[in-house]
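The values are calculated or read from the model by the stated rules, or taken from the named source; none is laboratory data. Remember, predicted model here, so these are calculated numbers, not experimental data. Cβ atoms come from the backbone with ideal geometry, glycine included; neighbour counts cover every protein chain shown.
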Amino acid sequence: MGSMLNLQNAGTAQTMSSREVAELTGRRHDQVLRTARELVDQGVTQSVETRYRHEQNGVEYPEHRLNKRDSLVLVARLSPEFTGRIVDRWMELEAAAPAPLDLSDPHALRGLLLQYSEKVIELDAKITADAPKVAFAEAVRAIDGACHIEKIAKTLGFGRNKFFKRLRADGILLDNNLPYQKYIDRDYFTVIEQQPYTDSKGVTHATFTTMVTGAGQVFLAKRYANIGEGAHA
């Protein structure tokens, strides 16, 4: 049976679509729909015309929702030899429908309470597990512009030196702690030139500092959140 074949509720009444009737009887849906309308006009049935959205093109088309009696009448009009199929299908749908909960039964209520309790426990566990990621996301949103790698390391639970070592080992930073060009090109890092210094031999050296952009902060958070020192990705 195709995925469109679903038992639906209209209030408390189970209904079947004219599209399902068409599939069960091997008829085109436009033929089934025309017959369903004729039966309503004749006062034989009371099916309701609604609309559904086609899964592929997104266009809305008409269909009829029929209760058990009206679907049997419709199939009998369309194709008496297929009436048995519609009866079998209704038996399948009714067998698959969940039984109503007896609120006077303490055992049933206890089972329902246990189900809800388990779901609450699962939800609490997920919230606890996601808390570091959420906190980091909030921190990133609060940062205006680029920041030092040390700040990211602290937020993620790394020591400064160990985080630099990790980034070098993962091929993100060079040995001099400057980022590889591909990560600069992705706007994850920016390099700022600092005040040059002069060594004891009088040679002047340029100095640079690696800063993490907003996009880089998100990149590092996704890659290293909940890892911290001593853990492995």
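General remarks:
- Sole exception among (1) assigned to a helix (DSSP H, G or I); (2) touching a strand residue (DSSP E or B) at 6+ places or on another chain (Cβ under 8 Å); (3) at pLDDT 90 or above for GLU49, by number: (1)
- Some residue of segment 49-59 being crowded, with 18+ Cβ neighbours inside 10 Å, touching a residue at least 12 places away in the same chain (Cβ under 8 Å) and under 38 Å from the mean Cα position of the chain (by Cα): no
- A single entry from ASP144, ASP187, ASP175 fulfils the requirement of being at pLDDT 85 or above, exposed (fewer than 10 other Cβ atoms within 10 Å of the Cβ) and part of a loop (DSSP other than H, G, I, E, B): ASP175.
- Filtered residues of segment 43-78 (kept if among the hydrophobic types (A, V, I, L, M, F, W, C) and more than 17 Å from THR25 (Cβ to Cβ)): VAL44, VAL48, VAL59
- Some residue of segment 152-171 being part of a helix (DSSP H, G or I), aliphatic (A, V, I, L, M) and in contact (Cβ under 8 Å) with a residue 60 or more places away in the chain: yes
- Annotation: ARG69 fulfils all but one of (1) surrounded by 13 or more Cβ atoms within 10 Å (Cβ to Cβ); (2) under 14 Å from GLN14 (Cα atoms); (3) modelled with pLDDT of 80 or more; the unmet one is (1).
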